Amino acid sequence: MEEKNILCVTERLIVRRFEAEDLEELYGLLSDPKVMECLEPPYTYEQSGEFLRIAGLADPPLIYAVEDKTGSFAGYVIYHDYGKNSVELGWVLNPKQWGKGYAHELTGALLTRAGDKYSFAVIECVPRQEATQAIARKNGFSYLGMEDGCQVYQKKLK
């Protein structure tokens with residue numbers, strides 16, 4: 001894999017640009033009702049393809065694929081500009097990967113990456129996403145308030 005396609009690497013994970021060939025795995029994730037419970041209704045194959053095209057294959061991308069060190073698709077991260085001098089961080093992981101500490105690990109790596117370019121990082125989640133809130137707080141984010149039905153957490157980077 002070319003280095004220019006890699007956003008960051010953690011001890012157990014690789015965050016890389018999406019490829020068109022990732023559609024099947026992405027569809028499996030986005031069509032899972034358990035995964036989508038706090039996000040949107042589960043996606044169809046066509047919706048997954050459109051999401052991949054608009055968010056994953058865009059230049060620059062809004063989302064990046066996450067795979068474990070064996071090359072298995074683990075989900076994706078959100079990493080893109082958010083207002084002036086801020087970046088939005090997030091993650092959507094395959095339920096088989098839940099409970100392994102991947103979200104915390106990814107957050108740390110994305111914060112390190114963001115510190116070179118941005119002054120602030122933001123995480124958004126719906127109020128019932130308690131695990132996301134806990135990860136935000138554990139990583140030093142402060143609660144800012146509600147916006148468009150989401151809780152917004154922010155961390156000063158520099």
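The values are calculated or read from the model by the stated rules, or taken from the named source; none is laboratory data. The model shown is predicted, which means the values in this text are computed figures rather than measured ones. Don't worry about glycine lacking a Cβ; one is built from the backbone with ideal geometry, like all the others, and counts go over all protein chains shown. SASA here: full protein model, heavy atoms, side chains in, ligands and nucleic acids out. Shrake-Rupley method; radii C 1.70, N 1.55, O 1.52, S 1.80 Å.
Under the condition of being farther than 17 Å from residue 78 by Cβ and either assigned to a loop (DSSP other than H, G, I, E, B) or aliphatic (A, V, I, L, M) (or both), which residue from segment 120-143 is most open to solvent (accessible area, probe 1.4 Å)?
First, the residues of segment 120-143 that are farther than 17 Å from residue 78 by Cβ: 127-128, 130, 134, 137-138, 140, 142-143.
Next cut, either assigned to a loop (DSSP other than H, G, I, E, B) or aliphatic (A, V, I, L, M) (or both) only: 127-128, 134, 140.
Working: 127: 65, 128: 145, 134: 46, 140: 45 Å².
Ranking the qualifying residues of segment 120-143, first place goes to 128.
Being over 14 Å from the mean Cα position of the chain (by Cα) and small (Gly, Ala, Ser) is the requirement here; does residue 115 meet it?
On the way: over 14 Å from the mean Cα position of the chain (by Cα): yes; small (Gly, Ala, Ser): yes.
So residue 115 passes the test.
Kindly indicate the residue of segment 52-74 that is open to solvent by 50 Å² or more (accessible area, probe 1.4 Å) and out of contact with any strand residue (DSSP E or B) (no Cβ under 6 Å at 6 or more places or on another chain) and also nearest to residue 106 (Cα to Cα) among those meeting that condition.
Here is the first cut: in segment 52-74, the residues open to solvent by 50 Å² or more (accessible area, probe 1.4 Å) are 53-54, 57, 59-60, 62, 69-70, 72.
Those still in the list that are out of contact with any strand residue (DSSP E or B) (no Cβ under 6 Å at 6 or more places or on another chain) too: 53-54, 57, 59-60, 69-70, 72.
On the way: 53: 23, 54: 22, 57: 20, 59: 21, 60: 19, 69: 14, 70: 17, 72: 16 Å.
So the residue we want is 69.
Please verify whether residue 117 is modelled with pLDDT under 95, open to solvent by 20 Å² or more (accessible area, probe 1.4 Å) and part of a helix (DSSP H, G or I), treating the condition exactly as stated. Quick ask: steps written out before the conclusion?
On the way: modelled with pLDDT under 95: yes; open to solvent by 20 Å² or more (accessible area, probe 1.4 Å): yes; part of a helix (DSSP H, G or I): no.
Taking the combined requirement at face value, the residue does not satisfy it.
Criterion first (more than 15 Å from the chain's Cα centre (by Cα) and on the phi < 0 side of the Ramachandran plot) does residue 73 satisfy it? Give the steps one after another, and end with the answer.
On the way: more than 15 Å from the chain's Cα centre (by Cα): no; on the phi < 0 side of the Ramachandran plot: yes.
When the stated conditions are applied, residue 73 does not pass them.
With respect to residue 96, is the statement that it is open to solvent by 30 Å² or more (accessible area, probe 1.4 Å), out of contact with any strand residue (DSSP E or B) (no Cβ under 7 Å at 6 or more places or on another chain), touching a residue at least 40 places away in the same chain (Cβ under 8 Å) and part of a helix (DSSP H, G or I) true?
Working: open to solvent by 30 Å² or more (accessible area, probe 1.4 Å): yes; out of contact with any strand residue (DSSP E or B) (no Cβ under 7 Å at 6 or more places or on another chain): yes; touching a residue at least 40 places away in the same chain (Cβ under 8 Å): no; part of a helix (DSSP H, G or I): yes.
Here the answer is no, as residue 96 does not meet what is asked.
Within the bounds of segment 16-34, is there any residue that is open to solvent by 20 Å² or more (accessible area, probe 1.4 Å), more than 20 Å from residue 125 (Cα to Cα), touching a Pro at 6+ places or on another chain (Cβ under 8 Å) and of a type in the set (D, E, K, R)?
Yes, that holds for at least one residue.
Residues in segment 53-68: is at least one under 12 Å from the mean Cα position of the chain (by Cα), of a type outside the set (Phe, Trp, Tyr) and part of a helix (DSSP H, G or I)?
Yes, segment 53-68 contains a residue that is under 12 Å from the mean Cα position of the chain (by Cα), of a type outside the set (Phe, Trp, Tyr) and part of a helix (DSSP H, G or I).
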